[in-house]
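Student: Below you will find the structure I want to go over with you.
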Amino acid sequence: MDPVIFLLIVFLVSAAAGFLGSLLGLGGGVIVVPAMTLLLHINIHFAIGASIVSVIATSSGAAAAYVKERITNIRIGMFLEIATTIGAISGAVAAALVQASMLFVVFGVVLILSVIPLVRKIGEEFPMDVAGDRLARSLNLEGRYYDEAVGRDIEYRADRTPIGFGMMYVAGLVSGLLGIGSGPFKVLAMDLAMRLPMKVSSATSNFMIGVTAAASAGIYFLRGDVNPFVAAPVALGVLLGATLGARWLPKARSSLIRKIFAVVLIMVALQMIIRGSTVGV
Amino acid sequence: MGSNGRGEDVGRRKEVVLSLVLRWGVVSSAAIIILGLILMILTGHSGYGAGFDIDRLLYFDESKIPHRFYPTNLKTILNGLLSLKPFSIIELGLIILIATPILRVGMSILLFGIEGDKKYVAITILVLIILILSILAV
């Protein structure tokens, strides 16, 4: 393949990944990794290195817009980041003790099952009658953003914070154990447990995944998994896609975002189950 | 419509400053990566012996880490920058990209501090410590 054509293909695939990732609070690994390995036959190490770069680029590219529009809740993100980072460390430690292939299947099934409560509230535009729990009140886990889709301010506060915190720990644990992004689990924790508006969940997850990924990126970098020839078009493509996604999200209906999320969640889950049940994780 | 309904809330400055930090991080890293790519395409070499040959650019051998066709540590990258090697320029852009989220956590500490929000200064410092521990642990 001509190197310039290669760069262009990777750029376009990454732009799609960045667009989807910025809308859903995911890192784009769900698109980048299979495209790299199955379509372009790149070594899995480079694909994973590229996927880490993709997570960071999605996060920073979209966060600039989301933070300014105040869709991201920095307090909620920072507070939950405690659980995710501790989870990630315990996962990395435990990874040596358990069999990854089995876990891929287990968590893949967990993700598929979590589509059920998601579908039950599929038409919901905003969470209603959320009283908020004590912890949320004492930590000020609430906010307000202007929703362009409905043309008014949306006020919200976090509910069942301890459960959300626990789910965030699991999200970190899974990513530490399996070396995958934890965006889907993060969005689920905020959407299902803490009953935050979909856009806030997505943007706050977006904010968080970049921080977590940046912490582990150094290792991949030193290990040589970040090949500049692959990572450069990934970074540029994802940044473009994420910028476009971040422009569209404020105008989109929350219920539509949730529908797209449910579909992508099933894709992620199937990928995990396939990866776990085939040899050579 | 855009900015209707928002506005004069306190704490708005924090969002604006953070968003500026992110935007600058992203724009500068993208510009540097583009520069490195253009230089590689125009000169036809990456600066580390792989030329502009796709098989060598994507060459992977687990057993030969030091002999890959690109730099993986800061010192080699800095040396490469002095002689304007395309791959070291791209790597500089990637490093800025990777550093941006960490910088964002650092900035948040400062901004929560300015707001006088002690609880969140503590929470953010805790996050930063855990992040550093996780980097050192692996």
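The values are calculated or read from the model by the stated rules, or taken from the named source; none is laboratory data. The shown structure was predicted, so the numbers you read here are calculated from the model rather than taken from an experiment. No Cβ is skipped: glycine too gets one built from the backbone with ideal geometry, and neighbour counts run over all protein chains shown. The area values use the complete protein model at the heavy-atom level, side chains included, leaving out ligands, DNA and RNA. Shrake-Rupley method; radii C 1.70, N 1.55, O 1.52, S 1.80 Å.
Student: Kindly indicate the residue of the range A:2-47 that is within 14 Å of chain B (Cβ to nearest Cβ), assigned to a loop (DSSP other than H, G, I, E, B) and at negative phi and also surrounded by the fewest Cβ atoms within 10 Å (Cβ to Cβ) among those meeting that condition.
Tutor: That would be A:Asp2.
Student: Going by what's in this entry, would A:Leu236 be described as hydrophobic (A, V, I, L, M, F, W, C) and closer than 17 Å to A:Val187 by Cα?
Tutor: When the stated conditions are applied, A:Leu236 does not pass them.
Student: On to the next question. Across the range B:20-41, which residue is nearest to the chain's Cα centre (by Cα) among those that are surrounded by fewer than 20 Cβ atoms within 10 Å (Cβ to Cβ) and among the small types (Gly, Ala, Ser)?
Tutor: Only one residue tops the list, namely B:Ser28.
Student: Looking at the structure I just gave you, is A:Ala57 modelled with pLDDT under 90, within 30 Å of A:Leu141 (Cβ to Cβ), within 11 Å of chain B (Cβ to nearest Cβ) and open to solvent by less than 10 Å² (accessible area, probe 1.4 Å)?
Tutor: No.
Student: Look through A:Leu135, A:Leu141, A:Leu103, A:Leu111 and report the one residue that is under 20 Å from A:Asn73 (Cβ atoms) and crowded, with 18+ Cβ neighbours inside 10 Å.
Tutor: Exactly one residue qualifies, and that residue is A:Leu141.
Student: Going through the range A:237-254 one residue at a time, which ones are surrounded by 20 or more Cβ atoms within 10 Å (Cβ to Cβ), over 30 Å from A:Ile5 (Cβ atoms) and not polar (S, T, N, Q)?
Tutor: Selection gives A:Leu249 alone.
Student: Additional query: Going residue by residue through the range A:250-257, is there one that turns out to be farther than 24 Å from A:Ser90 by Cβ and within 14 Å of chain B (Cβ to nearest Cβ)?
Tutor: Yes - at least one qualifying residue is present in the range A:250-257.
Student: Continuing with this model, one more query. If you scan the range A:197-236, which residues turn out to be more than 9 Å from chain B (Cβ to nearest Cβ) and in contact with a Pro (Cβ under 7 Å, 6 or more places away or on another chain)?
Tutor: Once the filter is applied, which keeps residues that are more than 9 Å from chain B (Cβ to nearest Cβ) and in contact with a Pro (Cβ under 7 Å, 6 or more places away or on another chain), the range A:197-236 yields only A:Pro197.
Student: Checking A:Pro127 against (1) touching a Gly at 6+ places or on another chain (Cβ under 9 Å); (2) in a loop (DSSP other than H, G, I, E, B); (3) not basic (Lys, Arg): exactly one of these is not met. Which one?
Tutor: The failed condition is (1).
Student: So A:Tyr145 clears everything in (1) within 14 Å of chain B (Cβ to nearest Cβ); (2) modelled with pLDDT under 90 except one condition, right? Which one?
Tutor: Unmet condition: (2).
Student: Moving on. Looking for something under 16 Å from A:Lys199 (Cα atoms) and buried (at least 20 other Cβ atoms within 10 Å of the Cβ) - is there at least one such residue anywhere in the range A:224-236?
Tutor: Within the range A:224-236, not a single residue is under 16 Å from A:Lys199 (Cα atoms) and buried (at least 20 other Cβ atoms within 10 Å of the Cβ).
Table: residues versus (1) open to solvent by 10 Å² or more (accessible area, probe 1.4 Å); (2) under 23 Å from A:Thr84 (Cα atoms); (3) not in a helix (DSSP H, G or I).
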residue	(1), (2), (3)
A:Val200	no, yes, no
A:Gly210	no, yes, no
A:Ser216	yes, yes, no
A:Leu222	yes, no, no
A:Leu256	yes, no, no
A:Lys259	yes, no, no
A:Val263	yes, no, no
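Student: For the range A:147-169, name all the residues that are open to solvent by 20 Å² or more (accessible area, probe 1.4 Å), assigned to a strand (DSSP E or B) and farther than 17 Å from A:Gly77 by Cβ.
Tutor: A:Arg152, A:Asp153, A:Glu155
Student: Quick check on my filter: what residues within the range B:90-128 are hydrophobic (A, V, I, L, M, F, W, C) and open to solvent by less than 10 Å² (accessible area, probe 1.4 Å)?
Tutor: Once the filter is applied, which keeps residues that are hydrophobic (A, V, I, L, M, F, W, C) and open to solvent by less than 10 Å² (accessible area, probe 1.4 Å), the range B:90-128 yields B:Ile90, B:Leu94, B:Leu97, B:Val105, B:Phe112, B:Val127.
Student: Do we have any residue at all in the range A:62-74 that's assigned to a helix (DSSP H, G or I) and either away from chain B (no Cβ under 14 Å) or surrounded by fewer than 16 Cβ atoms within 10 Å (Cβ to Cβ) (or both)?
Tutor: no
Student: OK, next. Among the residues of the range B:62-118, write down those that are assigned to a loop (DSSP other than H, G, I, E, B), facing chain A (nearest Cβ under 9 Å) and modelled with pLDDT under 90.
Tutor: B:Glu62, B:Arg68, B:Phe69, B:Tyr70, B:Pro71, B:Thr72, B:Asn73
Student: Surrounded by 17 or more Cβ atoms within 10 Å (Cβ to Cβ), over 30 Å from B:Phe87 (Cβ atoms) and under 14 Å from the mean Cα position of the chain (by Cα): does that describe A:Ala269?
Tutor: Yes.
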